[in-house]
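The values are calculated or read from the model by the stated rules, or taken from the named source; none is laboratory data. Since the structure is predicted, the reported quantities are computational estimates derived from the model, not experimental observations. Glycine gets a Cβ as well: all are built from the backbone with ideal geometry, and neighbour counts include every protein chain shown.
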Amino acid sequence: MNNLKGQVALVTGANSGIGKAVAMELATQGVKVGINYVSNPEATDQIIHDIKKNGGEAIALQADVSKEDQAQGMFKTLIEAYGTIDILVNNAGLQRDSPIQDMTLAQWQLVIDVNLTGQFLCAREAVKEFLKRGVVAERSKAAGKIICMSSVHEVIPWGGHVNYASSKGGIMLLMKSLAQELSPKKIRVNGIGPGAIQTPINHQAWETPEALEKLLTLIPYQRIGQPEDVAKLAVWLASDDSDYITGTTVFIDGGMTLYPGFSTNG
Ligand code: BGC
């Protein structure tokens, strides 16, 4: 029993992959969920339909999290609909991979804007509401919870993906600095560092048997992760069961951060 029932969450980038699984799992726990998305309204409608069929509550929130006015408008709509917000899952993210010599400024900028600036903009709006409302004992021990979806690449350098790795390294210190600043206000901020999770973002890494075999050499636990693995962790980090945890990234990676190359070398 996580006692999340009746709380309100916003999950960004919630109409596919990890975000979708997190939104669905929160809804299963009785959380009213704002499903943020940019494109593919049909996928969003389907998720909302599924949530409602299971007795949950959810609304669609179209917004590009990297645009200040759109991020602010999204929070306004959510708070008008559900009264407040208790949980922000800063999940929206993308990759635009390229060797450094060919990486365009547009590729760099888009990834930093969505992955990092988007998390800043959404965290800022959530914090305003958390501070305004404060702790309401019947809801949660905390005035609010922020979960920043990071990656193993907040610590593992990733050649060919310097924009993405830089955004994730930035998310780590955004998360920790926010946690330090906001702990006295009873706001918890944590990160999740997924490894290889089977979603559209990394389909090339698992869609053929050869690719999967190569990927598994990086995963000591010898299986690719599933979005539901991450969803269960997000629910726990949002709940009072993890009330004493703040400023921490929990890696969920089947051991990818254990430097598996060193198990037979070095
Ligand atoms: C990336 C995936 C990658 C995984 C492990 C994630 O953050 O989005 O593309 O498979 O890290 O390298």
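Taking each residue of region 190-217 that is surrounded by 14 or more Cβ atoms within 10 Å (Cβ to Cβ) and looking for partners that are among the aromatic types (F, W, Y) with beta-carbon atoms closer than 7 Å, six or more apart or interchain, yields G193/F251; Q198/W206; L212/W206; L215/W206.
The residue that is nearest to N115 (Cα to Cα), among those in region 198-214 that are among the β-branched types (V, I, T) and near the ligand (Cβ under 9 Å from one of its atoms), is I201. Out of S140, S150, S183, one residue alone is at pLDDT 95 or above, within 15 Å of the ligand (Cβ to nearest atom) and among the hydroxyl-bearing types (S, T, Y). It is S150.
The number of residues in region 186-197 that are among the hydrophobic types (A, V, I, L, M, F, W, C) and within 11 Å of the ligand (Cβ to nearest atom) comes to 3.
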